[in-house]
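Just below is one structure, and these are the notes that go with it.
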Amino acid sequence: MLAKTQIGVEEYLALAFPDRPEPDYVHGEVVERSLPTPIHAQIQVLLGVLFAPLLKRVRLVLMSELRVRIEPDLFRVVDFAVYRDARPEGRYGTSPAYVAIEIVSPDDSYNNLTQRLEDYRRWGVPHVWLIDPWLKRLYEYTDAGLLQHPSLRLPEFDFELASEDVFRDV
């Protein structure tokens, strides 16, 4: 079970986490995130490579492990975020990413993952995606919930991440 501790926002923002992943802050509670696995790290790097061709056509900023403030007392750390035009300024993102991608870790619970995805959707992220390296599946999260797809698409840019590309060498 992941540990939770009650503290204020400013106290959370002042914390340092040199030996573990930065936790989320959910309505007064510091919520530890799952430890990333080598596969998780590999997919994060691969996402940057797969988005590279799109960067030649569209001004995007790719970021991993980005802390974002969704509500005054709700901070999440996005596994991989794509911003249009400019990167967030300051210590954390305060405007919705264009794409938010979470990568499943072995000890992630379905409830925690879907709550995180719902937070992004409610915040206004237009493309909320989930990558499950264990089942080798790609999902889009919408107001209808999780929808499995063979590829994840940004139709406005004629761009897609195919499962065979995301899961090669995994």
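The long axis of helix 38-55 is offset from the longest Cα principal axis of the chain by roughly 60 degrees. With a cut-off of at most 11 other beta carbons within 10 Å, and DSSP calling the residue loop, which GluC sites (Glu not before Pro) in the range 66-138 qualify? Please list them. Sites meeting the loop and neighbour criteria: Glu89. A dipole drawn for the chain from +1 and -1 charges on Cβ atoms has a positive end, and of Leu15, His27, Gln148 the residue lying farthest that way is Gln148. Looking at the range 95-139, the chymotrypsin sites (Phe, Trp or Tyr not before Pro) that sit in a DSSP loop and have at most 14 other Cβ atoms within 10 Å of their own Cβ are Trp134. Counting Lys +1, Arg +1, Asp -1, Glu -1, what net charge surrounds Gly93 among other residues with beta carbon under 11 Å of its beta carbon? With Lys, Arg at +1 and Asp, Glu at -1, the neighbours total +4. Dipole magnitude for the chain: about 420 debye, using +1 per Lys or Arg Cβ and -1 per Asp or Glu Cβ, origin at the Cα centre.
For the chain, the longest principal axis of the Cα atoms and the long axis of helix 110-123 meet at an angle of about 80 degrees.
If you plug the beta carbon distance of Thr94 and Trp134 into 1/(1 + (r/R0)^6) with R0 = 41 Å, you get a FRET efficiency near 0.80.
Under Stokes-Einstein, with the Kirkwood radius over Cα pairs as Rh, the value for the chain at 25 °C and 0.890 mPa s is 149 µm²/s.
I'd like to know which of Ala86, Tyr98, Pro38 lies farthest towards the positive end of the charge dipole of the range 34-166, counting +1 on Cβ of Lys and Arg and -1 on Cβ of Asp and Glu. With unit charges placed on the Cβ atoms, the residue in question is Ala86. The modelled label-to-label distance between Glu11 and Ser163, using points 7 Å beyond Cα along the C-beta direction, is 4.5 nm. Averaged over residues, the count of other Cβ atoms within 10 Å places the peptides 31-40, 78-87 in the sequence 78-87, 31-40, highest first.
Read-outs throughout are calculated quantities, based only on the coordinates presented, and are distinct from any laboratory measurement. Remember, predicted model here, so these are calculated numbers, not experimental data. Positions of Cβ are backbone-derived with ideal geometry, glycine not excepted, and every protein chain shown enters the neighbour counts.
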